[in-house]
Structures are given as C-alpha cells and as structure tokens.
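Step one of this worksheet: look at the structure below.
Read-outs: derived from the displayed coordinates by stated rules, not from any lab. Everything numeric here is computed off the predicted structure, so don't read it as measured data. Cβ placement follows ideal geometry from the backbone for every residue including glycine, while neighbour counts extend to all protein chains displayed.
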Amino acid sequence: MKQKLVVIGNGMAPGRMLEHLIEAAPDAYDVTIFNAEPRVNYDRIMLSPVLSGEKTFDEIVIHGDGWYVERGVTLYKGHKVVAIDRVAKTVTSEHGETVPYDKLVVATGSNPFIIPVPGHDLAGVLSYRDLDDVEAMLLAAQSREKAVVIGGGLLGLEAAAGLKERGMDVTVLHLMPTLMERQLDPSAGYLLQNELQKRGIKVITEAHTARILGEDKVTGVELKDGTVIDASLVVMAVGIRPNVALAKDAGLEVNRGIVCSPAMSTSDPDIFSVGECVEVEGQVYGLVAPLYEMAKVLAGHLSGDVSKAFAHSETPTRLKVTGINLYSAGDFAEGDDREEIVLRDATAGIYKRLVLKNDKIIGIVLYGETADGAWFYDLMKKSTDISEMRDTLIFGSAYKGGAPLDPTAAVAALPLDAEICGCNGICKGTIVEAITSKGLTSLDEVRAHTKASASCGTCTGLVEGLMAATLGDAFNPNAVKPMCGCTDLSHNDVRRLIKAKELKSIPALMQALEWKSSGGCAKCRPALNYYMVCDWPDEYADDYQSRFINERVHANIQKDGTYSVVPRMWGGQTSSAELRAIADCVDKFDIPTVKVTGGQRIDMLGIKKEDLPAVWADLGKAGFVSGHAYAKGLRTVKTCVGTDWCRFGTQDSTGLGVRIEKFMWGSWTPAKVKMAVSGCPRNCAEATCKDVGVICVDSGYEIHFAGAAGLDIKGTEILGNVKTEDEALEHIVAVVQMYREQGHYLERIYKWAKRIGVEEIRRQIMGDADARKAYFDRFVFSQTFAQVDPWDERVSGKDKHEFQPMATLSKLQAAE
Amino acid sequence: MKGDVMNAFESEWISIGAVTDIPREGARCVDAGALRVAVFRTAEDDVYAIEDRCPHRGGPLSQGIVHGGCVTCPLHNMVIALDTGEAQGADEGHVTTFRTQVRDGIIFIAASDIASIAQTASAA
Ligand code: SRM
Ligand SMILES: Cc1cc2nc3c(=O)[nH]c(=O)nc-3n(C[C@H](O)[C@H](O)[C@H](O)COP(=O)(O)OP(=O)(O)OC[C@H]3O[C@@H](n4cnc5c(N)ncnc54)[C@H](O)[C@@H]3O)c2cc1C
Ligand code: SF4
Ligand code: FES
C-alpha cells in the first residue's frame, strides 16, 4: 500500500521537493497538495518581470496542470487548510475537504508584513506576494496615477520599477538612510538611489509613515514630519513573517518559524516542513537557494535517503530590475579587524568593494559591473587566502596582471566547483558536464537539463559565457537574432515591448525602441504592422504603406507586373453560378490564364492593375470575396466530400471546413495559414501536412497542427481529440490565436510550435479551458475589425489612387 | 502619339499633380508613352521621380515599400536609393532619375529629362 503524503502550500519549496521525491521514488506516495492560491506552482521570483511586462504569467508557471495529472498528484487549488488533526492524522480545508495523511509537509511560506498604521486596511493598499497582488497593481496602474511604495528593499524596489514601467508616477519611502541597507553598503545604496531617480522614481529616505490617508480608498500617505504624498495605490513591501499560525494551532513547536531539525522534521515525527515558514538552527530564510536545499534534504528523507542534512549557507543577493546590476554577499560591516579594497569608476557608474579579514574575503558588494560576482563568491566560500593576488584582486578573475580578458575567458578561468546559479546551487562542473554529455547547444536546453538560470535568471550571462567557453564557435550567444538591421531587438523583444509599453503606432515604436534607421526597412515594417494589427485590433490604424504590395492591393503581383486574382470558394465548393461568373469575367477582361490551384479554388492570372477594381466588382456581384491568396493570413480550408457522399465518411468534413473558413477568413497571421478537414483517416484533403488539420473519426475530431509541405515537409502534430464540431472550432481558433499572439513575422506555425514546444501548446489549448476560451474570445474580438472584404472596399473607392496612374503626360498642360 | 508627347515637353517643367495625390511613404505612376515614371513621396514629404523599372528584372519599383530615402523592389527585394537611383548594399544597378520640383504643393517634373528617355523608350 502506498503511503499518503499531504502537502500544505504549493509554493516554490514544496514544488521542488516533489520534483526530487517523484524522481527518486515515483511510486512511494499518493500525493495530495492543498494550495490557498487558486493556481498551479509558479516561479514567485519572476512576479517582478510579470509586473513590468517583460514576462507573462504563463511563462513563469513551473508545473502546469498536466504535470499533476501525469504524476497522479491531486492538487486542490484555492483550498486553504484550516486544521491539522494530529491524532486522527487528517487535514481539513476551509471548503470542508478532509484528507488523511501518513506523512504531512507544512509549506505555508510567509505572509507579507503590514505596518499597522491607521489606514493600512483601505482599498488600494496592497502587499507584494502573489499573482493577485500583481494583478491588482496592474489594474491600478491603468490609471497612470501616483503610487507610493513603502519599503526600499529588494521587493519594494522591484515593485517600484515595475509600476514605473507601467506608466505610474512612483515614490519609494524608505525608513533607513540608504536603500537596501541590509544588502548594500551606503555607497552602493546611494548609486542605486541615483539610478532610480534618473529613471524618474522618487526616493525619500528616512521616511516614517504616520498614516495612510483616504475615506474608503487610499488617497495618499502622510509622514511623521507632516509631508503628504498623493497616491491612488500604496504597496507595502516592508518585510515578511513566516506563516506559522496553522502549525501553532496544531501544537507544533514554533519559534520565529516552525522549528525543524536539519532533517526538516518538526516536533511531530510524521510532520515535516520546508520553505520560508521553517526555522532551522535559529535561522529563517527568504531567498530560494536555501529553500531548494531544504527541498533536496526533505525529498531524501521521504524517499529513504537519510544521509542528507540541511546546512546554513550565505546566498548572494541580486536585484531583478532590467538595466541595474548589483550583487552582494556576506558581511560588509566595518570593523577594526577588517580591511577593504574599493574600486570606483564614477563615469562608468561602477563601484566594487571587497571586505577582507585575515586575507580572506568575507563580504562582497558590486554595483554596475557584476560579472565577477561568482568568482569572488567562490573565493569567499572556500576561504581562499588572497594575499598572493591582492594587488589585482578587485579587477576580477579576468585581470591577470595584464589587459583584462574577455568575459568568456573570465568564466573559463573559474574552477569547476564555482557556483554559477545561486538559486539552484548549480556549479560550473555540472553545467559543463551536461553540455558535453548531452550535446546541449542552447540556453533553453541548459535550463531544462540543469535548472541553471531557470529561476531568477540573473546568472544568464554567466551561463552563456560558459556555453561559449565549452562549445567554442558552435555556440552563438546571439542566437536570438535581431529583427533586422534597424534594431538590436529580436522579434520576441519587440512583441513583448509593444504590449508592455503599449506602443500603438510604428513611429511611436521606432522612437521608443530607438530604431537605428529613420523609417525602418522592408523587413521590419511589415512585421511591426502585423504585430500591432494583432495586438491592438480595435485601436491600431493599419499602416498600408508598411504592407507588401500584394497585401496593399489585395492581389498577387506576377513577374511581369500584372496581378492574379483568387476568389474564395468556401471549403473548395463551388456552383454553376459561380463558375459562370468567373467565365464571364475571364471573357470580359481578356484574362490570359485560368488555373485550378493546389488549394481547391480558381486562379485568374495576368490581370492589369488598372482592371482589378472592375474585375472585383463583377466577381462581387456573384457573391465572391477575396481569397486572400496573397495574405499572411488565413488562406484555404481544403475539404473532402465526407459524409455527404463518401462511403467512408464519418463526419461532415465539408461542412466543418466551410464553417472554419467562414469563421476565420480575413484574419491576419504571422505567416500564411492553410487548413484542411478530411472525413476519415484516409485523409483525402491532406490534412496532416497543413498548418491546422482535422481528421474526422467516428468518435469526433482529431485536431492536428504544425504541418508543412512547402520548403520543408513535415507531418502534423496531434493537438488532441474533441467530440463535437463546436469544440473543434473552439480549439482550432484558440491555437491559431495563440500563434497569432506569439509567432514571429513570417514564422509558419510549425516553426513557432518548435520554438514554444508542442507540449506547452497542448497544455494551454487542451489542458486549460480558461486559457483556451480567452484565446478564442480575443480572436473573435479581432475578427469584428478584420472580416471586411477588401475587394468590396476597393470597388467602393478605397485606395482609388493605387489603381490609376497619377498622370498621363501626353494629355498634360505645360507649366507657365 | 509621339507628337502628343513631344508637345507636352516643350516648356522646361511639367506639372503632374499635387504632393497630396501620393500617399506618404508611397508612390504613383506617371505614364509617358512607353516610359513609366514612378513618383515617390517620403515620410518627410520629399518627392523623387525615377523610372518604374528595377535594374534587376524590370520589377515595378512603384509597388515597393518606401523606407527612409529608398524603395525595396517588390519582386526580389533590391533596394534602390530614390535620389541617385543607385542600388544599395551588395547589389549593383542603376535606375534613371528625373528632376522634380515642388511649388505650392504641386509637383513638376523636368521635361527635358523625360523627353530624352521617352523618345528612346518609344523608339525601342
Ligand atoms: C496558385 C498556387 C499554385 C497553383 O497553381 O496551385 C500557389 C502559388 C503561389 N505560391 Fe504556393 N501556391 C499554391 C499552393 C501552395 C501549396 C499547396 C497547398 O496550399 O495545399 C503549398 C505547400 C503547402 C504549404 O504551404 O505548406 C505552397 C507553398 C508555397 C510556398 C512555401 C511556403 C513555406 O513556408 O514553405 C511559397 C513561398 C512563400 O510563401 O514564401 C509559396 C508562394 C506562392 C506564391 C504566392 C509566390 C509569390 O510570392 O508570388 C505563388 C502566387 C501565385 C499567384 O499569384 O496566385 N507557395 N503553395 C496555389 C494557391 C493555393 C490557393 O488557392 O491559395
Ligand atoms: C516579488 C518577489 C520577488 C522575489 N525575488 C526573489 C529573488 O530574486 N531571489 C530569491 O531567491 N527569492 C526571491 N523571492 C522570495 C521567494 O519567492 C520565496 O523565498 C519563495 O517563493 C518561498 O517559497 P515557499 O515555498 O516557502 O513559499 P511560497 O512560495 O510563499 O508558497 C506558500 C504557499 O502556501 C500557500 N498557503 C499558505 N497557507 C496555506 C494553508 N493554510 N493552506 C494551503 N495553502 C497555504 C500560499 O497560498 C502560498 O501559495 C521573491 C519573492 C517575491 C514575492
Ligand atoms: S477522407 Fe475519407 S471520407 Fe473523405 S473522401 Fe477520403 S475516403 Fe472519403
Ligand atoms: S526585379 Fe527588382 S529585385 Fe528583381
């Protein structure tokens, strides 16, 4: 019989513990998790990039719903545990769910500390701990009004930077004379304050908050000296307290935190604890590195490896604000028995300070230039005697008495046991071993295999340096290519920043993102235009001059400068009336070539540009709309005859194809999108090499995506099976919308899927009904603006100038 | 036909329309017998006239994307500078340019430039 393991809290510490445990002993426990937060396990550290707009919540999920399902773990989301009955060995949630345990893990983390000043409970006063806080801040930020952040430590400053990035006017109130005084010395604190002020964040130090003002919602903050600062949002980030109430009620031994042995067991031998709620040997922790260490120890004990014990270690601190580099570790208080080495470069904004005792490093503060943090930290941890290299020590590992080495050489010079990723405790040797033995070539692969740089991400530069040193020329750190010569930003960066900075016109974007050319180029302009059409469907005014000629005149340019016209034939079906109209049109305009395309419709080629509106007018009368054969948009939905006629047909494949095409036509996409629906697995519509395909089966619809049959030939991946036509449509629309929002311009679905991961796409579209519905709704919204027949518009006179010469010189009057 | 064309070219500058007839960062064509001139308007409202024929394989430059002072040919992406008619970057090639003037928002094109080319074009 499996033992029952119950975990209270689904934060970063127990999440990591379960990973280790399930790897070591996959069948030992039936695991049940209760989480007060109504969501899966995510990287809490990365809430700051979510706040600033550099990441989305989806990108910081650690274990998606699928993770629990695949491992048979029961997760109660939004269930706070209110009681532990140690006699009956059960826990009970606020919704009345009672579950028995053999072993229990309490991982309730900590609670943000709220200073009990008058007004602290007004609406608009927030803490900074979970996604709800971030969402509330984002909502408040929409007003673009004033925010006050109380607390100038790590969290407070990350919140301030994020809110500023979102357009708020931000003031930081800090009780002490300099910022982050527990991690930085006054000099570095002062540099940091300057940098923040340069970014427009106001900082008031030695600020004693007297009360928070407001009737039913916050209007400002009053300081003890009488100063009043207006604010519609107040974020309190003054510290955390281990969340021990539940453990205390259950009669466990509690001090500042839940008292644990180095084996992570509490005063009850069947109850364990990990995370910020733990106190071990008098210490409590607030950074993930030691918590991950606890996770490893506890997983060992639960899986029978009792050799592990938790030992205290220092964790370096870094601030995750883009563009600000700081690093600190150890003890840097002054003292008679201590010496220090300081390097200042005022123009470059660099400050480095090493605190020494008996020729050993005991404290490190780096500001502005932090690449050597790992090297110094390694010397500190190993208590290396530095008297030999004392003269050049402050210049870092790269400086060996001569010119500084490049950064790659600096990483190469680190010993194999030097720690690279502080959060996950990964040292250089582990990473090098993984790169060489597993043949890893990209940062993502290294993250996946070693977890290095996968938590807070500040060691990314070191990991890249290490890859360069290990792989030589085979590693290209700039594998993320810039969009074009006009910028250093990648497509990803640009898409993210369009959203984060709410850039809604191409000139605004070029200004804000410091484009290097005056008007962009033929590569970036169409891409930018697409991104904005996709991201701001209601607000953005399509920049027609940034579209390639085909999309500007809604026909395909041919090698002789004439055009081809391909009307839609929904799902490949036509009629005598339609065919007659095409025949008449061909005769009337003397169209040289008529051809059946590979996309189940008819192409008329060799039409003069001047004739296009008249051709469309005639086609329009017969009910035709543009087939978008020229568009980075929905092209064709091929179908087979299905149940209407075919003796093998299982579903109405023609009907579904027509329905999809009618629902989705007119939408713009990163690259062209072609679909097909086959009525049975014989697959006459060739659905398994399309961007999106459907194979009808007796029990419903098998949805495929990420196929190609052009420059590359690739069979599709299966997204999943659904039962009804309505569901099929919803899933197809959702996956296309996901691609619309994430794809790089000109990147077909199969390339996007390779980049994002087929698993991840399945997780969001098949596994997460809310996400799917949200994608679907956004697509439907954008269609209200997109589903306009461009031919009809032009027949009615739009862009008339396109189709007529400006002047014919023989008829003109001379000037003067 | 030929006579007509010549008549129009008798004085030095011929008006071909208003600057505002051309969209910003766009182009319109002027037909002069067998010659086709592409008249461009940049984002800064500068106006340039060049032959509507890419030196590569004759692509209609008037249909390209206009960026900075250049146009990218719609057929195979050669980039042509509008003021000199020279191909940019690694490509080689040259397009005939025509002098223009803008007075009170009206574009004039140099008749003599057109005439010499138009004659060879229609003779060919
Ligand atoms: C007309 C048609 C050929 C035909 O006579 O059958 C055709 C014609 C062109 N194809 Fe195609 N493709 C046509 C079906 C296909 C198919 C088959 C299909 O859709 O089932 C494929 C392979 C499937 C696929 O896309 O994965 C196909 C793969 C391509 C590619 C390679 C795309 C890729 O990502 O690998 C290009 C090049 C590109 O888009 O950059 C291309 C580009 C073109 C262009 C647009 C070239 C251009 O830029 O001028 C041709 C335009 C001709 C015109 O003016 O109409 N065509 N092309 C077909 C129109 C289908 C329709 O009704 O809309
Ligand atoms: C914005 C921000 C930035 C940070 N940046 C960094 C950084 O750069 N580097 C770093 O090392 N650390 C950072 N941290 C700290 C780090 O996130 C925490 O140390 C870590 O997440 C703590 O993990 P945990 O599992 O102990 O607790 P948590 O992640 O807090 O998880 C506790 C969970 O338990 C749930 N819970 C509580 N009580 C109950 C109950 N009775 N029943 C059921 N569920 C319950 C809570 O809802 C919560 O989801 C940051 C924290 C924040 C908020
Ligand atoms: S796919 Fe199946 S149902 Fe459709 S035509 Fe072919 S055999 Fe018939
Ligand atoms: S015809 Fe212009 S680039 Fe080929």
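Assorted remarks:
- Relative to its residue count, the stretch A:491-547 spans a Cα convex hull of 72 Å³ per residue.
- Reachable lysines, given that their alpha-carbon falls under 18 Å from the alpha-carbon of A:Lys723 and they are not under 8 places away in the same chain: A:Lys773
- Here the dipole of the protein assembly as shown is about 1520 debye; that uses its Cα centre as origin and unit charges on the Cβ of Lys and Arg (positive) and Asp and Glu (negative).
- Comparing A:Pro567, A:Leu471, A:Val553 along the charge dipole axis of the stretch A:460-568, the residue lying farthest to the positive side is A:Pro567, per the Cβ-charge model.
- Relative contact order for chain A, counting Cα pairs under 8 Å that sit 6 or more residues apart, in percent: 7
- The amide H of B:Glu86, built 1.01 Å from its N in the peptide plane, has B:Ala81, B:Val95 as neighbours under 5 Å, considering only residues 5 or more places off or on other chains.
- Likely footprinting exposure, A:Ser518, A:Ser455, fewest C-beta neighbours within 10 Å first: A:Ser518, A:Ser455
- Helical runs assigned H by DSSP (4 residues or longer) give chain A a calculated mean residue ellipticity at 222 nm of -9500 deg cm²/dmol, each run adding -39500 (n - 2.57) before division by the residue total.
- Relative protection proxy for A:687-696, A:146-155, from highest mean packing down: A:687-696, A:146-155 (other beta-carbon atoms within 10 angstrom).
- Beta bridges per DSSP with both ends in the protein assembly as shown, % antiparallel, nearest 5: 70
- Here the relative contact order of the stretch A:638-786, from alpha carbon pairs under 8 Å that lie six or more residues apart, stands at 19 percent.
- Here the dipole of the stretch A:125-238 is about 240 debye; that uses its Cα centre as origin and unit charges on the Cβ of Lys and Arg (positive) and Asp and Glu (negative).
- Cα-Cα over 18 Å, subset of A:Lys77/A:Lys248; A:Lys662/A:Lys751; A:Lys632/A:Lys690; A:Lys672/A:Lys714: A:Lys77/A:Lys248; A:Lys662/A:Lys751
- Of A:Phe663, B:Phe108, the sequence from fewest to most neighbouring Cβ atoms within 10 angstrom is A:Phe663, B:Phe108.
- Rounded to the nearest 20 debye, the dipole size of the stretch A:491-547 about its Cα centre is 260 debye, using +1 on the Cβ of Lys and Arg and -1 on the Cβ of Asp and Glu.
- Since only A:Ser387, A:Thr205, A:Leu414 are under comparison, the one whose Cα sits farthest along the positive direction of the charge dipole of chain A, derived from C-beta charges on Lys, Arg, Asp and Glu, is A:Leu414.
- In terms of surrounding Cβ atoms within a 10 Å radius of their Cβ, A:Arg16, A:Arg182, A:Arg129 rank from fewest to most as A:Arg182, A:Arg129, A:Arg16.
- Cross-link partners for A:Lys146 among the lysines, with Cα-Cα distance under 29 Å and sequence neighbours closer than 8 places in the same chain left out: A:Lys55, A:Lys164, A:Lys198, A:Lys202, A:Lys217, A:Lys224, A:Lys320, A:Lys499, A:Lys501, A:Lys504.
- Positive-end extreme of charge dipole, the protein assembly as shown - chosen from A:Val82, A:Gln193, A:Thr98 (charges on Cβ): A:Thr98
- Share, in percent, of DSSP beta bridges within the stretch A:638-786 that are antiparallel, nearest 5: 70
- The stretch A:411-482, relative contact order in percent, only Cα pairs under 8 angstrom and at least six apart counted: 30
- Neighbouring Cβ atoms from other chains, within 10 Å of the Cβ of residues in B:56-62, number 3 on average.
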